[in-house]
Amino acid sequence: WSCAWSFDNSEFSRRRPVEVRDGQFLQIKSPEDTILRKLVWYQLGGGVSDRQWRDIQGVLRARRGMLDEGYLFEWAADLRVTGLLQRAMSEQ
């Protein structure tokens, strides 16, 4: 599935280093990519995982007003999770 591969590449390229201790860094994925990945997992799991949905809602709340919605909706369309993204955003 080439779309998934393209998303994997995009997700990987958007990681950013975050210093967790003096001179020690972790690569953290973007909040948008976290939302998209969890939407895909939620859909693949039959839309029943409360944990995935709570995580999606938590990221949306924590990053309200700071998300790249263009990126979110572009990839949501490609990943076929636009309806879920719209639902998650409307529940905020």
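Points to keep in mind about this one:
- Placed amide H near I28: partners under 5 Å, 5+ positions off or other chain: R16, V18
- Taken over the alpha carbons of segment 1-45 as equal point scatterers, the Debye sum produces base-10 log I(q)/I(0) values at 0.13, 0.14, 0.18, 0.32 Å⁻¹ of -0.37, -0.42, -0.61, -1.10.
- Residues in segment 51-92 reached by a label modelled at C3 [backbone nitrogen below 12 Å; 7 Å Cα→Cβ]: 74-83
- With Cα atoms, 0 to 90° folded angle of helix 31-44 axis to the chain main axis: 40
- The chain - accessible surface per residue (Å², probe 1.4 Å): 64
- Taken along its principal axes, the alpha carbon cloud of the chain reaches lengths of 41, 31, 24 Å, longest axis first.
- The modelled label-to-label distance between F12 and E74, using points 7 Å beyond Cα along the C-beta direction, is 1.9 nm.
- Rounded to the nearest 20 debye, the dipole magnitude of the chain is 240 debye, with +1 charges on Lys and Arg beta carbons, -1 on Asp and Glu beta carbons, and the Cα centre as origin.
The values are calculated or read from the model by the stated rules, or taken from the named source; none is laboratory data. Remember, predicted model here, so these are calculated numbers, not experimental data. A quick note on method: Cβ atoms are made from the backbone with ideal geometry, for glycine too, and the neighbour counts reach across all protein chains shown. Remember, those area values only see protein heavy atoms, side chains included, never the ligands or the DNA or RNA. Shrake-Rupley method; radii C 1.70, N 1.55, O 1.52, S 1.80 Å.
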